[in-house]
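Data first, discussion second: the structure below is written as C-alpha cells.
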Amino acid sequence: MRDPSSLPPLVLVLVEPAGPLNVGSVARLCANFGISQLRLVAPRCDPQGEEARRMAVHGGALLAAAATYPTLTSALADCRRVVATSGRSDPEPYAVTPPETGLSWLLAAGCEAPAALVFGREDRGLSNDELLLAGRIIRIGTGSDYPSLNLSHAVAVVLHALHGQRLMPTGDHQINATALTAPTASDASDPAPRGDLEATLSDAEALLLDVGFLYPHTAHARMAKVRNLLQRAQVSPEEVALLRGMVRQLRWASRRSHP
C-alpha cells in the first residue's frame with residue numbers, strides 16, 4: 001500500500017452538473033474514497049439544496065465546502081496533473097489512456113500541488129477545449145449497446161479504480177503505470193500548473209495575432225493544436241517560464257520595430 005503522505009491532494013471537478021441528486025451522491029463518494037475537495041464549475045442546479053444534502057449523507061461537510069468556479073480553466077489553475085473522463089463516441093483531441101494507466105499517472109504527482117479528476121455534463125460530457133486541459137483522458141469500458149453511464153455511477157467506478165491504485169505496493173504501482181505505454185520524461189516529473197500554462201498560451205495568442213501569424217477567425221482552432229502539442233509534452237514549470245519569457249521578448253521586439 002502506498003504511503004498516504006506521499007499522495008497528492010486529490011480534487012474532483014464536476015463541470016456544469018444539472019442534477020442535485022448527482023451532486024449529493026458525488027459528495028458522498030468523495031467522502032467514501034478520501035477525496036479532499038469537490039469543485040463545481042458553473043453548476044446548473046442548487047448544490048446546497050435539500051435534495052443534494054439528502055444524498056450526500058456523511059459527505060455533507062464536503063458538499064458544504066464545495067467551491068464553485070465560472071470555468072474549468074479557473075477550477076484547474078492550481079492543479080498540475082489532470083485526468084479527464086470521456087464517454088462520447090466521437091474522437092477525442094488526443095489518444096484515450098486506459099483507466100489504470102491514467103489513474104496511476106495521476107497518483108504519481110508530487111504531494112504538494114493538487115491533482116484533479118474531471119467529469120463532464122450529464123447530457124454531453126466535456127468539450128474538446130475542456131479535454132485539452134487534461135494531461136490524460138480515460139474512458140470507462142462498458143457494453144456497446146448502451147455505453148452511457150449516470151454521472152454518479154461513473155464517478156463511483158473511477159474512484160473505486162483509483163482506490164485500488166492507492167492500495168498497490170509502490171513497486172507494482174510503478175510497473176502498472178508504464179505497462180501499457182512507454183515511459184516519458186513527463187511521467188517522472190510534474191507538469192506546470194494549469195494556470196501558468198494557460199497564461200502563457202494567452203500571451204502567445206495575443207502576440208501571434210499582433211504579428212499576423214494568426215487570424216481572428218482561425219485563431220481558436222490553431223491555438224487548440226498548440227495546446228494539444230504542449231499538453232502531450234506535459235511541459236515543466238521551467239519550460240513554461242522559458243516559453244513565456246520568449247513570448248514577452250518577442251512582443252517587446254515587435255512593438256519596438258513597429259510602434
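Key figures
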quantity: Shape category assigned to the range 63-127 from the gyration tensor of Cα positions, a/c cut at 1.5; calculated: oblate
quantity: Candidates Thr200, Thr85, Thr142: whichever shows maximal mean-square fluctuation once the chain is modelled as a Gaussian network with Cα springs under 10 Å; calculated: Thr142
quantity: Volume per residue that the Cα convex hull of the range 1-63 spans, once the total is divided by residue count, Å³; calculated: 75 Å³
quantity: Average Cα contact separation per residue, the chain, under 8 Å, 6 or more apart, as relative contact order %; calculated: 22 percent
quantity: Cα centroid of the range 62-80 to Cα centroid of the range 6-54, whole Å; calculated: 11 Å
quantity: Sites Glu112 and Gln37 - FRET efficiency at Förster radius 22 Å, r taken between beta-carbons, to 0.05; calculated: 0.90
quantity: Farthest positive-ward along the chain dipole, Cα basis, beta-carbon charges - from Pro99, Pro237, Thr71; calculated: Pro237
quantity: Potential extension, Ser127-His153 segment - 0.36 nm per residue separation minus Cα distance; calculated: 7.3 nm
quantity: Gain on full stretching of the segment that runs from Arg256 to Leu242 - 0.36 nm per residue minus C-alpha separation; calculated: 2.9 nm
quantity: GNM top mover of Pro216, Pro20, Pro43 - the chain, alpha-carbon springs below 10 Å; calculated: Pro216
quantity: Cα gyration tensor shape of the range 194-257, rounded if a/c is under 1.5, else prolate or oblate by comparing a/b with b/c; calculated: oblate
quantity: Base-10 log of normalised Debye intensity for the range 125-166 (one unit scatterer per alpha-carbon) at q = 0.30, 0.33 Å⁻¹; calculated: -1.10, -1.10
quantity: Degrees separating the helix 170-179 axis from the principal Cα axis of the chain, which is the longest one; calculated: 60 degrees
quantity: Check: the chain dipole with +1 on Lys, Arg Cβ and -1 on Asp, Glu Cβ, in debye; calculated: 360 debye
quantity: Calculated [θ] (222 nm, deg cm²/dmol) that DSSP helices of n ≥ 4 give over the chain, each run adding -39,500 (n - 2.57); calculated: -14500 deg cm²/dmol
quantity: Sequence-separation-based contact order of the range 1-118, relative, with Cα cut under 8 Å and 6+ spacing, percent; calculated: 34 percent
quantity: Spin-label proximity, Ala77 to the range 29-45 - amide N less than 16 Å from point 7 Å beyond Cα toward beta carbon; calculated: 39-42
quantity: Interatomic Cα distance distribution for the range 4-186, bins of 5 angstrom, percent; calculated: 1, 8, 18, 22, 22, 16, 9, 3, 1, 0
quantity: Full-stretch length increase - Glu92, Ala199 - with 0.36 nm per residue and alpha-carbon distance subtracted; calculated: 36.1 nm
quantity: GNM flexibility winner over the chain from Ala219, Ala154, Ala56 (Cα, springs under 10 Å); calculated: Ala219
quantity: For Tyr69, residues with placed amide H under 5 Å, excluding near neighbours; calculated: Leu40, Val41, Ala42
quantity: Using a Förster distance of 41 Å, the FRET efficiency for Tyr146-Ala221 (Cβ separation, nearest 0.05); calculated: 0.80
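Each value in this text was obtained by applying a stated rule to the coordinates, not by laboratory testing. Being a predicted model, the structure only gives us computed values, none of them experimental. Don't worry about glycine lacking a Cβ; one is built from the backbone with ideal geometry, like all the others, and counts go over all protein chains shown.
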